[in-house]
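**Q** Encoded as structure tokens, here's the structure I'll be asking about.
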Amino acid sequence: MSSGRCAACKYLRRKCPSDCIFSPYFPSNNPQRFAYVHKIYGANNVGKMLKQVPVYLRTEAAKSMHFEAQCRMEDK
């Protein structure tokens, strides 16, 4: 990544590799999006789920995880 770390790597306080699975779906300008997903699913599970989905469907999968996590957080 040329512009720094993605929201996931910032949240996890780690270096963002050039092949980061999270960076296309959790941009640094929206950190709350990853925070919700991490709180509900955990970073490892999110990474595993994204890797299991075909590349062309990952954007929709990330949006769905965010929506589900946000709804769960608001229900608490």
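The values are calculated or read from the model by the stated rules, or taken from the named source; none is laboratory data. Since this is a predicted model, take the numbers as computed values, not measurements. Every residue, glycine as well, gets a Cβ built from its backbone with ideal geometry; the counts of neighbours run over all protein chains shown. Surface accessibility is based on the protein's heavy atoms, side chains included, excluding ligands, DNA and RNA. Shrake-Rupley method; radii C 1.70, N 1.55, O 1.52, S 1.80 Å.
**Q** Within the range 1-22, track down each residue that is open to solvent by 50 Å² or more (accessible area, probe 1.4 Å) and among the hydrophobic types (A, V, I, L, M, F, W, C).
**A** Scanning the range 1-22 gives MET1, LEU12.
**Q** I need the full set of residues from the range 23-35 which are open to solvent by less than 50 Å² (accessible area, probe 1.4 Å) and either touching a Phe, Trp or Tyr at 6+ places or on another chain (Cβ under 7 Å) or within 17 Å of CYS71 (Cα to Cα) (or both), in order please.
**A** PHE26, ARG33, PHE34, ALA35
**Q** Then there is this: Among the residues of the range 65-76 satisfying the criterion of being open to solvent by 70 Å² or more (accessible area, probe 1.4 Å) and assigned to a helix (DSSP H, G or I), which is farthest from LYS10 (Cα to Cα)?
**A** ASP75
**Q** When you go through ILE40, ILE21 one by one, which is the residue that is β-branched (Val, Ile, Thr) and not in a loop (DSSP other than H, G, I, E, B)?
**A** Matching residue, one of ILE40, ILE21: ILE40.
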